[in-house]
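Comments concern the structure below.
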Amino acid sequence: MSITRMHTGPRMSQAVIHNQTVYLAGQVAMDARGGSVTEQTKDVLSKIDALLAEANSDKTKILSATIWLTDMSTFAEMNAVWDAWVAEGNTPARATVVSPQLASPDFHIEIAVVAAQ
């Protein structure tokens, strides 16, 4: 059994690959910290693109996505960015939930995905 861990820290790995499936940790907008949901969503999706590419995958192979928002009133704002980014004809199974606070009050969105390799 082969398991590859990428960008491993003391508590988690940013990506784990097993059986040609890529599991990404929840991604937050480190570069757009404190920015709008639009800015943070763009930043998070860019990070997802980069991690998937490093794992020999891409957004057309995303199987599922879980999105956490700190405020459901920003759902449409997030969806506008998501809809422009997601690969047409390859939309994943998706859940969006509200979490009153993420790892820092500066983060308004977090996204985790599972993708085929």
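The values are calculated or read from the model by the stated rules, or taken from the named source; none is laboratory data. Given the structure is predicted, the values throughout are model-derived calculations rather than measurements. Because the Cβ atoms are built from the backbone with ideal geometry, glycine has one as well, and the counts that use them run over all protein chains shown. What goes into the accessible areas is simple: the full protein's heavy atoms, side chains included, and nothing from ligands, DNA or RNA. Shrake-Rupley method; radii C 1.70, N 1.55, O 1.52, S 1.80 Å.
Convex hull volume of the C-alpha atoms in the stretch 1-42, normalised per residue: 84 Å³.
A Cα-only calculation for the chain places Rg and Dmax at 13.8, 44 Å. Relative to the longest principal axis of the Cα atoms of the chain, the long axis of helix 37-54 makes an angle of roughly 10 degrees. Scanning residues 5 or more positions from L63 or on other chains, those with amide H under 5 Å from its amide H are V114, A115, A116, with H placed 1.01 Å from N in the peptide plane.
Between R11 and E54, the distance separating the two model label sites (each 7 Å from Cα on the Cα→Cβ line) works out to 1.8 nm. Note down, for the stretch 50-104, the three equivalent ellipsoid semi-axes (square root of 5 times each alpha carbon gyration tensor eigenvalue), biggest first, whole angstrom. Here the semi-axes work out to 22, 14, 10 Å.
Residue-wise HN-Hα couplings along the stretch 20-36, as the Karplus relation 6.51 cos²θ - 1.76 cosθ + 1.60 with θ = phi - 60° gives them from phi, are 6, 10, 10, 10, 9, 5, x, 9, 10, 8, 4, 7, 10, 3, x, x, 5 Hz; Gly and Pro carry x.
Taking all protein chains into account, the per residue accessible area for the stretch 33-101 stands at 51 Å² (1.4 Å probe). Measuring between their Cα centroids, the stretch 72-112 and the stretch 5-46 lie 13 Å from each other. Rounded to the nearest 10 degrees, the inclination of helix 75-85 to the longest alpha-carbon principal axis of the chain is 40 degrees.
The phi torsions of the stretch 57-62, fed into the Karplus equation with coefficients 6.51, -1.76 and 1.60 and a -60° offset, translate into couplings of 9, 7, 5, 6, 9, 5 Hz, rounded to whole numbers, with Gly and Pro shown as x.
Taking the square root of 5 times each eigenvalue of the Cα gyration tensor, what semi-axes in Å does the equivalent ellipsoid of the stretch 1-70 have, largest first? Don't skip to the answer; put the middle values down first.
Numbers: eigenvalues 104, 38, 21 Å².
Each semi-axis is √(5λ); the values are 23, 14, 10 Å.
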